[in-house]
1. So how many residues does the stretch B:125-142 have that are touching a residue at least 24 places away in the same chain (Cβ under 8 Å) and surrounded by 22 or more Cβ atoms within 10 Å (Cβ to Cβ)?
2. So residue B:122 ticks every box in (1) more than 14 Å from chain A (Cβ to nearest Cβ); (2) free of Cβ contacts under 8 Å to residues at least 24 places away in the same chain but one. Which box is left unticked?
3. So residue A:105 clears everything in (1) surrounded by 16 or more Cβ atoms within 10 Å (Cβ to Cβ); (2) under 24 Å from residue A:9 (Cβ atoms); (3) at the interface with another protein chain (Cβ under 10 Å from one of its Cβ atoms) except one condition, right? Which one?
4. Can you tell me which of (1) exposed (fewer than 15 other Cβ atoms within 10 Å of the Cβ); (2) under 17 Å from the mean Cα position of the chain (by Cα); (3) farther than 26 Å from residue B:205 by Cα is the one residue A:41 doesn't meet?
5. Residue B:176 - would you say it is surrounded by 24 or more Cβ atoms within 10 Å (Cβ to Cβ), away from chain A (no Cβ under 14 Å) and not in a loop (DSSP other than H, G, I, E, B)?
6. Quick check, is residue B:119 surrounded by 20 or more Cβ atoms within 10 Å (Cβ to Cβ), in contact with a strand residue (DSSP E or B) (Cβ under 9 Å, 6 or more places away or on another chain) and over 13 Å from residue B:54 (Cβ atoms)?
7. List the number of the failed condition for residue B:169; all other conditions in (1) assigned to a loop (DSSP other than H, G, I, E, B); (2) closer than 21 Å to residue B:317 by Cβ hold.
8. Taking residue B:161 as the residue in question, decide whether it is modelled with pLDDT under 95, farther than 27 Å from residue A:118 by Cβ and more than 9 Å from chain A (Cβ to nearest Cβ).
């Protein structure tokens, strides 16, 4: 059984292409300077259309998390940590926190991006705890 | 335009059997609820000129309300099915009340039903669940529906010191209300320890922090306050209604711990000219226990961050300072998905009529109802009263 794959789309494909080469890509607005995620056809802050992709630092902190004890399908191995990560650049994204005991995760913990294969062609960001 | 305050009234209300009802389809439950509500109002089918439903997950239809009208052979001039989501129930009431006030229709039936328990296979149910998040940036991480709400709970715990015991107390209170309601799906009393000892689903939510999966339907009849005087049932008046919409996907929420229930509540209170202290009861959306705690705060029943203390000190169970979910709520009465808040609505009608039998509140002149959909995304608040205001 396969993991749930991201639905295709031009912007999603550009994001995933970044993941494949180890970049967490955010859109940056040429008008107001805001970073945003998820990618959109306009800046959510000022509705400017001059957006460019930039590689994020990959640093962030845990806004919240949960340990899923009952997996959504057989493709996922419970327990797994689903978290909301506040990136240093501002936007928040959902991800997994991997390579740690679930009980080591806490709100406010510092994390760093990593990348994991979701299928033969799709790579997505995941995060690991960063202890200074 | 004038406020809707006191302009419309509920003159009929009914629930079908709820819980596990394998002998009726979602369509049949929807039709049954309408027949019962019309009988309660003393109306026949020719006297209905508006129909609003919500789509069913077990028997989805492209034009759901139109199909139900066809089944009943009624021919409304106002007819639509609301999009999916628990928060839509009172949004529908908002629209229907406006339709009556502007003359689009005179007598509108609002009916919602589904068969999530008997009408879906386990695989269909899991598929439906996985479709909740953002299809590109959330779903691949495999969050379950309880997991989304666990993110809210965990953030509240970290920020305000709320505990799993506080959440558990919500489930205990709802069950105590349900114990007085013969229609409720789950009626055996439970303790905080029972909740904490139940299986962990998504930290910090245990099985008993999660609402039921049920079959069932409910309907109400709404008409102008002027016409409502001619009905046999005591009218229940709409005094205030408001909405607030902040996001769809949890990763895009402005705040994990404060919701758009703040705006929706303020709008409803402003229309009614009333505040939280005026409410004799509250029916608060309880798909998972943390939502009740956040709604108590955001609707002004206590200060931000003090929801846990309000639940355990003031009390929301029978005899508490603010009885919440007097029928047992989604946690203990029934939860057939989208129609969930309809049962809070019919229960409120009975409390305000004074016909709630063993669970009738000593004082029930004004009550507040709150529904939310998405992941604390879309909010609607309704204030109902025994007098037109």
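The values are calculated or read from the model by the stated rules, or taken from the named source; none is laboratory data. Given the structure is predicted, the values throughout are model-derived calculations rather than measurements. Positions of Cβ are generated from backbone atoms using ideal geometry, with glycine treated the same way; all protein chains shown enter the neighbour counts.
1. Adding up the residues that qualify gives 3.
2. Of the numbered conditions (1) more than 14 Å from chain A (Cβ to nearest Cβ); (2) free of Cβ contacts under 8 Å to residues at least 24 places away in the same chain, the odd one out for residue B:122 is (1).
3. (2)
4. (2)
5. No, not satisfied.
6. Answer is yes for this residue.
7. (1)
8. no
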